[in-house]
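As structure tokens, the structure follows; a few thoughts come after it.
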Amino acid sequence: MGAKTPLEWKHIFETEAFEAKYAYAGKDLGVTLGEGETTFKVWAPTAGAVSLNLYQSGDEKAEDQICTIPMEKEGSSVWEISVRENLKNRYYTYTVTVDGETHKTQDVYARACGVNGKRSMVVDLADTNPKGWQEDAYVYDEALLPVIYEVHVKDFSYAESSGIPKMYRGKYKAFTVEDSTLYGKGEKRTCLSYLKELGITHVHLLPCYDFGSVDESKEEDSQFNWGYDPVNYNVPEGSYATDARDGRVRIKEFKEMVMALHRAGIGVIMDVVYNHTFALDSCFQRTVPYYYYRVNEDGSLSNGSACGNDTASERVMFRRYMIDSVCYWAKEYHIDGFRFDLMGLHDVETMNEIRRALDELPGGRHILMYGEPWAAADTAMKAGAVPAVKKNVEQLHERIAIFNDDTRDTVKGSVVKDTEPGFVNGGVDLESRICSGVLAWCDGKGGYHPKSPGQTISYVSAHDNWTLWDKLCYTLQKKPDFAGSDERIIQACRFACGIIMTSLGAVFMQAGEEAGRTKCGIGDSYNSSPELNALDWERMYRLEGLMEYYRGMLSIRKNFSGYWRRDGKMPDAVRFHHCQKGCVAFSFGAWSRDDRWQRLWVVYSTRETPYRLTLPKAKRMLLADGKSVLSQPAGEADEKDYVQIETAGVTVFGELW
Ligand code: CA
């Protein structure tokens, strides 16, 4: 009765007067634990009453409420209560009444929670630090472009072939197992010990904040979800912990995972999904109805995420929430990078403010930021706000990068049309787009203007859509043989890898791409079985040759790291010698660790039979011949005005001084 409509709320929340009067800049929302005192604060400007409920356990079904305490409104917008007791390890919720409607909710600002996240938890974070945590750090030269490996926590070690002890399979803990091998047989490294030798700089974890699609109270291991359905943004997901019921366990085990990766010399990136929540019925909505979500002018809910709701980054309290949340993960969990899901739903100002806030943290400049510069559909962003989509990349801070779908689709074809090929699998007239890809699209020919190669993520596969292997099967085989090991498909994989690795831009790859990962032709496996999604380490070693090729290309990238830099001048250093039918050839100053090399020469060729390609005269030696990367340079160093190309793929030469 008399409750406001979503549209009425929108018109209130979008006024400057509302934000001027009710926005709260304090950093103490949530729980503050003091000596013999615990303070709770919640931002709820539209609430008529708020009370705190305390419980013994974190299970929302347990009838173990200790008490309910009414909270007081301090100032215009924050409800507060201080309890004269150290309440650590107690669980709590709020009861919030707005406009005559009353809801129980977990804390928007919760840092710990019980099973399934419906009750928040008072936590003393110092209790969750593993031994050695204070010394934990990841050192990374921020001038270099990263090589990012995208992993799902459960995929990584679910299969028995991972050789991880059963109790840790699919869990954060799997990352802490040292020297794991195929089926535990003592040879062929898996999981972390495998990654250590691959040559990547960062692991990017699919969502592992607390999400809603997996029931943490069930023991059975058959549940699976990618996790793009956030419930508690500042708490790790419980189903990846060995115990989801004690709120401290997931925090500690998450930190142990981070520490293990850091010790292996690998940075940790989190996939963050601030653009929508699991459902509209969230802690945000129950605390301040319709403040955190966009509403269309017809009163319907904005749905640019295609997940039922869009959060409103342009509203000051959600913008602050995003900034604080990202900084919290960086500080508390030592996270080295953030990948923003559907970044196109956020506004440029919010993204740039997050960058500024991270840069202000000690060592914060090394923290990576990148995202998907698109949305699933139109969104009702406030008029005047600029969406962080591809065409606006130049308005984003130089150290915020975008996934480059132009590179992705040019190399291997469309992600929606299964048989549409790209350059490596039969596509034609793509040479000039490939050249732009080499320059990380800094040439502006895509209709947008990255400021430097650091703003482009070059990639051909991610969790979304078909794996590289499956896409190549669809385009190159009459009847796709996903489980097979067709040499033609392997060669096309090498070709795609070679292009990505030698192009400017940061490298990104889906885990297992380097060894023919298949999901049997299924593109959207977000809730498929763990068997389909899991990394099959046995198959990976069946395609060990391909894995070796990736490793080899990564070693070239490392040895000539002077070239693969963020620097906006790097595209000018590239000289194209051919950009003609079926062939792109270019060279650049080698800037190698080994000063015998003057330039690198790279040839992408689609011709399957051997031929001589005319190039400017130089003393060149072969470094990679399309099928393998040579550990020792081969060929003659005579000065020649041509090179020999053996097969369709990427051939690399070093030019001697
Ligand atoms: Ca969860």
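Within the bounds of the stretch 262-275, is there any residue that is among the polar types (S, T, N, Q), in contact (Cβ under 8 Å) with a residue 40 or more places away in the chain, crowded, with 24+ Cβ neighbours inside 10 Å and under 18 Å from residue 339 (Cβ atoms)?
Checked against the condition, which is being among the polar types (S, T, N, Q), in contact (Cβ under 8 Å) with a residue 40 or more places away in the chain, crowded, with 24+ Cβ neighbours inside 10 Å and under 18 Å from residue 339 (Cβ atoms), the stretch 262-275 yields at least one hit.
Assess whether residue 403 counts as being modelled with pLDDT of 95 or more, aromatic (Phe, Trp, Tyr) and out of contact with any Phe, Trp or Tyr (no Cβ under 7 Å at 6 or more places or on another chain). Let's see the steps before the verdict.
Numbers: modelled with pLDDT of 95 or more: yes; aromatic (Phe, Trp, Tyr): yes; out of contact with any Phe, Trp or Tyr (no Cβ under 7 Å at 6 or more places or on another chain): no.
Judged against the criteria, residue 403 is not a match.
Residues in the stretch 620-657 that are farther than 16 Å from residue 600 by Cβ, assigned to a strand (DSSP E or B) and of a type in the set (Ser, Thr, Tyr): how many?
2
Would you say residue 166 is out of contact with any Phe, Trp or Tyr (no Cβ under 9 Å at 6 or more places or on another chain) and free of Cβ contacts under 8 Å to residues at least 60 places away in the same chain?
On the way: out of contact with any Phe, Trp or Tyr (no Cβ under 9 Å at 6 or more places or on another chain): yes; free of Cβ contacts under 8 Å to residues at least 60 places away in the same chain: yes.
So residue 166 fits the description; yes.
Listed here are the residues, each with its yes/no results for (1) within 16 Å of the ligand (Cβ to nearest atom); (2) in contact (Cβ under 8 Å) with a residue 24 or more places away in the chain.
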residue: 142; (1), (2): no, yes
residue: 146; (1), (2): no, yes
residue: 156; (1), (2): no, yes
residue: 177; (1), (2): no, no
residue: 184; (1), (2): no, no
residue: 201; (1), (2): no, yes
residue: 209; (1), (2): yes, yes
residue: 215; (1), (2): yes, yes
residue: 232; (1), (2): yes, yes
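Among the residues of the stretch 422-446, how many are assigned to a loop (DSSP other than H, G, I, E, B) and either farther than 30 Å from residue 476 by Cβ or among the acidic types (Asp, Glu) (or both)? Walk me through how you get there before you give the answer.
Our first condition is that a residue be assigned to a loop (DSSP other than H, G, I, E, B); within the stretch 422-446, this holds for 422, 426-430, 439-446.
When the remaining residues are screened for being either farther than 30 Å from residue 476 by Cβ or among the acidic types (Asp, Glu) (or both), the result is 429, 442-444.
Total satisfying the criteria: 4.
Select from the stretch 152-194 the residues that are out of contact with any Gly (no Cβ under 6 Å at 6 or more places or on another chain) and on the phi > 0 side of the Ramachandran plot and list them in ascending order.
If the condition is that a residue be out of contact with any Gly (no Cβ under 6 Å at 6 or more places or on another chain) and on the phi > 0 side of the Ramachandran plot, then 170, 179, 186, 188, 191 are the ones that fit.
Please identify the pairs in which a residue from the stretch 237-248 that is touching a residue at least 60 places away in the same chain (Cβ under 8 Å) and farther than 10 Å from residue 208 by Cα has its Cβ atom under 7 Å from the Cβ atom of a residue that is of a type in the set (Lys, Arg) and within 13 Å of the ligand (Cβ to nearest atom), counting only partners at least 6 apart or on another chain.
Pairs found: 241/250; 244/250.
Tell me which residues, restricted to the stretch 94-127, are touching a strand residue (DSSP E or B) at 6+ places or on another chain (Cβ under 8 Å), within 16 Å of residue 288 (Cβ to Cβ) and part of a strand (DSSP E or B).
94, 95, 96, 97, 98, 102, 103, 104, 105
Mind checking which residues of the stretch 635-655 are under 39 Å from the mean Cα position of the chain (by Cα) and not charged (D, E, K, R)? Quick ask: steps written out before the conclusion?
Start the filter on the stretch 635-655 by keeping residues that are under 39 Å from the mean Cα position of the chain (by Cα), which leaves 645-655.
Selection gives 645, 647, 648, 649, 650, 651, 652, 653, 654.
Just to check your reading of the model, which residue among 281, 246 is within 30 Å of residue 373 (Cα to Cα), of a type outside the set (A, V, I, L, M), out of contact with any Phe, Trp or Tyr (no Cβ under 9 Å at 6 or more places or on another chain) and within 16 Å of the ligand (Cβ to nearest atom)? Before you say what the answer is, go through the steps one by one.
Values: 246 fails: within 30 Å of residue 373 (Cα to Cα).
281 is the lone residue from the list that is within 30 Å of residue 373 (Cα to Cα), of a type outside the set (A, V, I, L, M), out of contact with any Phe, Trp or Tyr (no Cβ under 9 Å at 6 or more places or on another chain) and within 16 Å of the ligand (Cβ to nearest atom).
The values are calculated or read from the model by the stated rules, or taken from the named source; none is laboratory data. Since the structure is predicted, the reported quantities are computational estimates derived from the model, not experimental observations. So basically every Cβ, Gly included, is an ideal-geometry build from the backbone, and we count neighbours across all protein chains shown.
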